[in-house]
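> Handing you this structure, nothing more for now.
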Amino acid sequence: VLIHGYPLSDAMWEYQYHDLVQAGYRVIGITLRGFGQSDKPYGKYNYDQFADDIKAVLDQLDIKDAAIGGHSMGGAIALHYVAKYDGAHINKLALFAAAAPCHTKKADYPYPFFTKEDISKWVELNNTDRPALLAAIGGYFALTPTSLPPGIGAWLGGIEMQSSPYAMEQALIALRDEDLRGDLPKIKVPTLIFNAKEDKIVSFALAEQMNKAIAGSTLVPFEKSGHALFVEEKQKFNEEFIKFLK
């Protein structure tokens, strides 16, 4: 079960779907409310709501013993889902450059790159010049300006523009304000953590903190990518993930 990052959709997993299906797995990508081609209601866009939505899908499909993985904000949401529902439907957790346990610096938690003020500026940009927000986030997304082929960058940008402006605003506020440190001790399933050492959106130090706090978790460092490790180093990403699934 794959949960996309901000502000993408399950379409971001195109090159994971291919290899996972080839390896014999059934894959379910969930596009969160407000993003991609999912419904775009007003209302709550916090991690609790997203976890409830995942639960509704997995209940409906009667899924058993699945691995759940999420990228960036989707990683934080997958983590919260497992903690909130005590691992219902799943037996493994994968955190891909997860913006967890929090995405902004706290007085007692200096590991994230961004301050509340930084993300508040992004909220403002979303509501005045959404393409400029996507360009700002895009500037941090890959290891270098040329490490993603232009076609792949354009493809990701097209997915992002499908998101509702309201969902993008509200999810940014959740990214800014949520704190999942209390969830970390509740994770009792085998956990895989991917993070690029040079990620400019989610620091490697954050992944190291999660690795320490989640009992028995495994941290796999990526050396040749930024936050877009799922496309920048897709072969390593897919091979390591499938190894974990096996």
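> Please report the orientation-averaged projected area of segment 102-239, defined via the convex hull of its C-alpha atoms, in nm².
Averaging across all directions leaves 8.9 nm² for the Cα convex hull.
> Give me the accessible area per residue for the chain, probe 1.4 Å, as a whole number in Å².
Per residue, the chain has 42 Å² of solvent-accessible surface.
> In whole angstrom, how long is each semi-axis of the equivalent ellipsoid of segment 17-120, when you take the square root of 5 times every eigenvalue of its Cα gyration tensor and sort them from largest down?
Values: eigenvalues 134, 56, 39 Å².
Each semi-axis is the square root of five times an eigenvalue, giving 26, 17, 14 Å.
> Can you compute log10 of I(q)/I(0) for the chain with the Debye formula, treating each Cα as one identical point scatterer, at q = 0.17 Å⁻¹?
Scattering profile of the chain, log10 relative to I(0): -1.39.
> Return the carbon/sulfur percentage of the accessible area of segment 140-246, one whole number, probe 1.4 Å, all protein chains in place. Don't skip to the answer; put the middle values down first.
Numbers: 2640 of 4690 Å².
Exposed carbon and sulfur together represent 56 percent of the surface.
> Further, regarding this structure: With the Cα gyration tensor of segment 182-246 giving a ≥ b ≥ c as the square roots of its eigenvalues, does the rule (a/c under 1.5 for rounded; else a/b larger than b/c for prolate; else oblate) give rounded, prolate or oblate?
Since a/c reaches 1.5 but b/c is at least a/b, the shape of segment 182-246 is classed as oblate.
> With just the Cα atoms defining each centre, how far is segment 171-191 from segment 39-54? Give it in Å.
One Cα centre to the other: 15 Å.
> Add -39500 (n - 2.57) for each DSSP H run of 4 or more in the chain, then divide by its residues: what number comes out at 222 nm, to the nearest 500 deg cm²/dmol? Write out the running numbers ahead of the final one.
Details: 10 runs with 109 residues, N = 246.
Calculated at 222 nm, the ellipticity per residue is -13500 deg cm²/dmol.
> Okay, next question. Using Cα springs under 10 Å in a Gaussian network model of the chain, which residue among Lys116, Lys200, Lys92 shows the largest mean-square fluctuation?
Among Lys116, Lys200, Lys92, the largest mean-square fluctuation in the Gaussian network model of the chain belongs to Lys116.
> Past 22 Å, Cα to Cα, is the threshold; run Lys44/Lys84; Lys105/Lys200; Lys64/Lys188; Lys106/Lys234; Lys92/Lys116 against it and keep the listed order. Each step should come with its number before you reach the end.
On the way: Lys44/Lys84 17 Å; Lys105/Lys200 14 Å; Lys64/Lys188 16 Å; Lys106/Lys234 33 Å; Lys92/Lys116 31 Å.
In this structure, Lys106/Lys234; Lys92/Lys116 lie more than 22 Å apart at Cα.
> Here's something else I'd like to know. Among 41-49, 163-171, what's the highest-first ranking by average C-beta atoms within 10 angstrom per residue? Write down the numbers at each step before the final one.
Details: 41-49: 15.4, 163-171: 20.2.
Highest-to-lowest ranking by the protection proxy: 163-171, 41-49.
The values are calculated or read from the model by the stated rules, or taken from the named source; none is laboratory data. Since the model is a prediction, treat every value here as computed from it, not as a measurement. Positions of Cβ are generated from backbone atoms using ideal geometry, with glycine treated the same way; all protein chains shown enter the neighbour counts. For accessibility, only protein heavy atoms count, side chains too; no ligands or nucleic acids. Shrake-Rupley method; radii C 1.70, N 1.55, O 1.52, S 1.80 Å.
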